[in-house]
Amino acid sequence: MDDSTNWITAASPITNDLADKFPTLEQSINGFNFLRAQGQMTVYLLKDGIIRATYNEADRALLATGMYSTNIVSVSPSGLAYIPKGVMILPEGTLIKNMKTGTVGLIDGPTRLVNFSPTSMVLNLPEPRELSNFSLIGYQDQESLAPYKVLCDGQRYVVANSLLYPIELAGAKNLPGVSTLLSDASCALLTTTDIAFGQYVGERTIDPKTKKKNLKAYKISKGKRYPFKTLAEYKKENLTGAPLIWVDQAFLKNLPLGKEIGSAPVNPIPDPKPTPRPKLYTVSAGDSLISIASKFKTTVSKIMLLNNLANADRISVGQILKLP
């Protein structure tokens, strides 16, 4: 009976002979199946009580992980319509590009999309699949990929040179930003290394004029990179920690630069001891009150007041003047 409005909620008992007269499906619907309505092309994934359209056979191979049978169960159109329908589903770990906005992202869950931004870490990933806004309408839970850290299966990693380096929580706190939690399928796309990431990174550059290779070491602390004056200064400090890891410019660009480590302290040059000002001054040939005031950084009026002078022009050689 195709018309579900006439269905009843309570099952009616029938005899075995009568039951044998009804056609039966070769496959059972257990709540995690691929379904297709008779006469239609779209294949749906039935999971968690809803059906969502799948994109192609390659996607279904990934979506079928843990499925008892991957065969497509054919059902009546009305029977399929009775099941709640969601939006299109894509496999976790699929790299996509929005055809309208140009945004590249990673499908990381049934409704989760992790987008790449100008400050996101750099990863080696396959070419993204270009999809329309309509195909991505079900992925409203969106966030941007962090610049440095990801969390895979409970382990924190720092991404540098497109590799995932394991790092302890204390070390991860020195890098800015949060750790982006990724699904197992997304993490499987990434390449990990056993080399531990510590506090020290290095930069290799080549002088465009001399073609000489320059090496620079940094210490990462509290969200900044602090350059060492020399590599010797770095080696002197890092005696027991994780070794320095050479990183590319993509890693360094999001780390603000701090003060140089190992620079010799600049001691301020003390001012020379000022010559004490004399209390008395004997007028010499060529002196005037203006020249005397200028010499001892005072004013004519102060000298006149202190010496009871009525006329600034009437001073004589050998005369003794009091100074303020």
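Read-outs: derived from the displayed coordinates by stated rules, not from any lab. Computed from a prediction, not measured in an experiment: that's the story for all the values here. Counting neighbours? That spans all protein chains shown, and the Cβs are built from the backbone with ideal geometry, glycine included.
Things to note:
- Were the residues from residue 153 through residue 231 laid out at 0.36 nm apart, the gain over their Cα-Cα distance would be 24.5 nm.
- Radius 9 Å from Cβ of residue 72, net charge of other residues (Lys, Arg +1; Asp, Glu -1): +2
- Distance between the modelled labels on residue 301 and residue 205, one decimal in nanometres: 5.9 nm (7 Å Cα→Cβ projection).
- Segment 200-252: relative contact order as a whole-number percent, Cα under 8 Å and 6+ apart: 38 percent
- Value of relative contact order over segment 95-144, rounded to a whole percent, pairs C-alpha under 8 Å and six or more apart: 46 percent
- Distance between segment 192-239 and segment 92-170 - C-alpha centres, whole angstrom: 28 Å
- Counted charge near residue 42, where neighbours are those whose Cβ lies closer than 15 Å (Asp, Glu -1; Lys, Arg +1): +2
- Cβ crowding within 10 Å averaged over residues, with 167-175, 121-129 ranked highest first: 167-175, 121-129
- Within straight-line reach of residue 47, meaning a Cα separation under 18 Å, sit the following lysines at least 8 residues removed in sequence or on another chain: 85.
- Contact order, relative form, for the chain: 10 percent (alpha carbon pairs under 8 Å, 6 or more residues apart, mean separation divided by residue count).
- Exceeding the 19 Å Cα-Cα cut-off - candidates 209/259; 229/259; 302/322; 212/235; 149/219; 209/253: 209/259; 212/235; 209/253
- Residue exposure proxy: 29, 220, ordered by other Cβ atoms within 10 angstrom of their Cβ from fewest to most, comes out as 29, 220.
- Other residues whose C-beta falls under 14 angstrom from the C-beta of residue 105 contribute a net charge of -2, scoring Lys and Arg +1 and Asp and Glu -1.
- Cα gyration tensor shape for the chain, rounded if a/c is under 1.5, else prolate or oblate: prolate
- Across segment 95-144, Cα-Cα pairs more than 15 Å apart make up 40 percent of the total.
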